[in-house]
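This report refers to the structure that appears directly beneath it.
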Amino acid sequence: MEKLTGPKKIKTAVFISGTGSNLKNIIKFSKIKKSPISISLIISNTSQAKGLRFADQFKIKKKIFNFKNFKDTEMNILLLLKKEKIRFICLAGFMKILSKEFIEKFDGKIINIHPSLLPKYKGLNTHNRAIKNKDKLTGCTVHYVTATLDSGKIILQKKIKITVNDNSNTLAKKVLAQEHKLYPAAIMKIFN
Ligand code: GAR
């Protein structure tokens, strides 16, 4: 992969699986002048992902891959990324774990947002686990994607207080609101 420099915005793909609130937020951010990225492609592993509507709303190309044959799917995604001249990938609530081979092809050019203060609570159900452990703090993390799940270098992190009244739903809402600030800030940090 070539270096991520140059005057033009960097063609970026966002991978989603669900609601897509981070996707919507990243699209909006990408449209401001100072944004280093533009969103050219949205990939989902399911046609049920509500976030796919933002592809229609913002007239961005979308593609659904069902991952039935994982290797073939990843190869087809790589072909599409090449065709669309994608140089950067943001995972935003994407619930498939990409292979080492795939990640190596985009080494250092895939980032993810995770709803915990990594390295705490890698994987799923982060809010339940934080509440069960009576943690006083949680948060969100934007990090580089490497072959080991939720373990790549941290780009930015935001701490959020957990109160006695919080449950996993209230916490998810609070964290998501901060994710929407953190993701664009992390993208700015990478390219500045
Ligand atoms: C976000 O909270 C994101 O951090 C989390 O899924 C949610 C997606 O929300 N990601 C993970 O758990 C990845 N392991 P969204 O679809 O509204 O952006």
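The values are calculated or read from the model by the stated rules, or taken from the named source; none is laboratory data. Because the structure is predicted, anything quoted here is derived from the model rather than measured. Neighbour counts are summed over all protein chains in view; Cβ atoms, including those assigned to glycine, are modelled from backbone coordinates with ideal geometry.
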Worksheet item: Only one of ILE77, ILE97 is modelled with pLDDT of 95 or more, under 28 Å from LYS189 (Cβ atoms) and not in a loop (DSSP other than H, G, I, E, B); which?
Response: ILE77
Worksheet entry | Conditions (1) more than 16 Å from the chain's Cα centre (by Cα); (2) among the charged types (D, E, K, R); (3) outside any helix (DSSP H, G or I); (4) under 13 Å from ALA147 (Cα atoms); number of the one not met by LYS120 | (4)
Fill in: Top-ranked residue of region 53-79 - restricted to ones that are closer than 15 Å to ILE89 by Cβ and among the hydrophobic types (A, V, I, L, M, F, W, C), ranked as surrounded by the fewest Cβ atoms within 10 Å (Cβ to Cβ)
LEU79
Worksheet, complete the sentence: ILE86 fails exactly one of (1) among the hydrophobic types (A, V, I, L, M, F, W, C); (2) away from the ligand (no atom under 15 Å from the Cβ); (3) part of a helix (DSSP H, G or I), namely (3)
